[in-house]
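S.K.: I'd like to ask some things about the structure below.
The values are calculated or read from the model by the stated rules, or taken from the named source; none is laboratory data. Since the structure is predicted, the reported quantities are computational estimates derived from the model, not experimental observations. A quick note on method: Cβ atoms are made from the backbone with ideal geometry, for glycine too, and the neighbour counts reach across all protein chains shown. Please note that ligands, DNA and RNA were not included when accessible areas were found on the heavy atoms of the full protein model with its side chains. Shrake-Rupley method; radii C 1.70, N 1.55, O 1.52, S 1.80 Å.
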Amino acid sequence: MSNLYGVIDIGSNTIRLVIYSVNGNNIQAVLKNKYMAGLAGYINSNGRMTKEGIREAVSILKELRAITDQITLEEILPFGTAPLRNITNSDEVLATLKKKTGFDISVLSGREEAMYDYYGALRSTSMKTGLITDVGGGSTELVFFKDREMIDSVSLPVGSLNMYTKYVDGILPSRPEIRHIRADVDERLKDSGFCPDDVDVDTMCALGGTARTTHQIAAYVTGSSKKYSPDFFEDYLSQICNGPGKITNRVLRIAPDRIHTITPGITIMSEVCSMFRIRNIVTSPYGVREGYLYYHLKKEGIIND
């Protein structure tokens, strides 16, 4: 017999509700709702989320509460990532959200987010050794694993939305703006010390909305619906700088809400691949939400794998 669980993911770009059916050790998404919240855009120069941002989050979470109240759920698991952990008024925001919507929201640290990415990715890949990369709106999580064991992880404060906000004046970045994003990512990667010497990485497993949208664009350009090469990133960025019409039309058909953030996201992934000499990229349908749910269910003894 299946039981239903809800997971709410409050990110920098989006707020998502996913309802999962859990039957034994099998978990399947049966309902998905996505709202473009752009909470990272409501953080002021003092690092505080503004009243407008709080109102936006409350409005969306009230809609999700109305949905979940109509479904018999075993549990609802709401969590927040970069837009809630990187603000200076986090306690005030969380208290307001709980009071207005009833959701008691857990805020994941960068390390926790990377760990749940890892748990989620391993459910969908047979890779034994590799690099997991999740480019979100406000942060990028990286995990090295070897023989299916996590070796090192890091969360970098660079994401598709905050890099767009910081460096891009128009809708699409110019060549100099792409160079600025690359330099920022490169500097933070080097400063993080995240580069184990004993891991020879051939393949990157990419997670999240940026990765899924990129995979769809790559499938259109390369004709392959499976893995692709980082060479695609360079070809894409070259087109953006020299003649973006054809490729941006494709983005507008696939994910119009990401037209301004997908190029900064691809630039981040390109720089990560360059740093670690990645040769192949695969895209996982699972990520932090699935990892968070699996971890919780296993801790509660509901699943045992």
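S.K.: Could you state, as a whole-number percent, how many of the C-alpha pairs of the stretch 213-284 are farther apart than 14 Å?
M.R.: Distances greater than 14 Å cover 58 percent of the Cα pairs.
S.K.: Quick one: Cα centre-to-centre distance for the stretch 149-188 and the stretch 250-302, in angstrom?
M.R.: Their Cα centres are 15 Å away from one another.
S.K.: Would you mind getting the accessible area per residue of the stretch 79-200, heavy atoms of the protein chains only, 1.4 Å probe, in Å²?
M.R.: Using a 1.4 Å probe on heavy atoms only, each residue of the stretch 79-200 averages 45 Å².
S.K.: Another question, if that's okay. Based on Cα coordinates alone, diagonalise the gyration tensor for the stretch 68-145, multiply each eigenvalue by 5, take square roots, and list the semi-axes in whole Å, largest first. Show your work: numbers first, answer last.
M.R.: Details: eigenvalues 158, 68, 12 Å².
For the stretch 68-145, the semi-axes come out at 28, 18, 8 Å.
S.K.: Then there's this: Could you work out the pair-distance distribution P(r) of the stretch 1-141 from its alpha-carbon pairs, with 5 angstrom bin width and percents rounded to whole numbers?
M.R.: 2, 9, 18, 21, 19, 15, 9, 4, 2, 0, 0
S.K.: If N is the number of residues in the stretch 144-198, what value comes out of its Cα radius of gyration divided by 2.2 N^0.38 Å? Mind dumping the intermediate values first?
M.R.: Working: Rg = 14.5 Å, N = 55, 2.2 N^0.38 = 10.1 Å.
That works out to 1.44 for the stretch 144-198.
S.K.: For a quick check of your reading of the filter: which trypsin sites (Lys or Arg not before Pro) in the stretch 89-129 sit in a DSSP loop and have no more than 13 other Cβ atoms within 10 Å?
M.R.: Loop-located and lightly packed - Lys128.
S.K.: Right, here's the next one. Among all lysine pairs in the stretch 66-216 that are eight or more places apart or on different chains, how many have alpha carbons less than 29 angstrom apart?
M.R.: 4
S.K.: From the C-alpha coordinates alone, can you work out the Kirkwood hydrodynamic radius of the chain, in Å? Don't skip to the answer; put the middle values down first.
M.R.: Values: mean 1/r = 0.0506 Å⁻¹.
After inverting the mean inverse Cα-Cα distance, the result is 19.8 Å.
S.K.: Between Ser174, Ser45, Ser160, where does the largest GNM mean-square fluctuation fall for the chain, given springs only between Cα atoms within less than 10 Å?
M.R.: Evaluated over the chain, the most mobile residue of the options is Ser45.
S.K.: Carbon and sulfur atoms: what percent of the 1.4 Å accessible area of the chain do they account for?
M.R.: Details: 6220 of 13710 Å².
Percent of accessible area from carbon and sulfur atoms in the chain: 45.
S.K.: Okay, moving on. How would you classify the stretch 31-72 from its alpha-carbon gyration tensor, with a ≥ b ≥ c the square roots of the eigenvalues: rounded for a/c under 1.5, else prolate if a/b is greater than b/c, otherwise oblate?
M.R.: prolate
S.K.: As a test of the formula, what do you get for the chain when each DSSP H run with n ≥ 4 contributes -39,500 (n - 2.57) and the sum is divided by the residue count, at 222 nm and rounded to the nearest 500 deg cm²/dmol?
M.R.: Dividing the helical sum by the residues of the chain leaves -14000 deg cm²/dmol.
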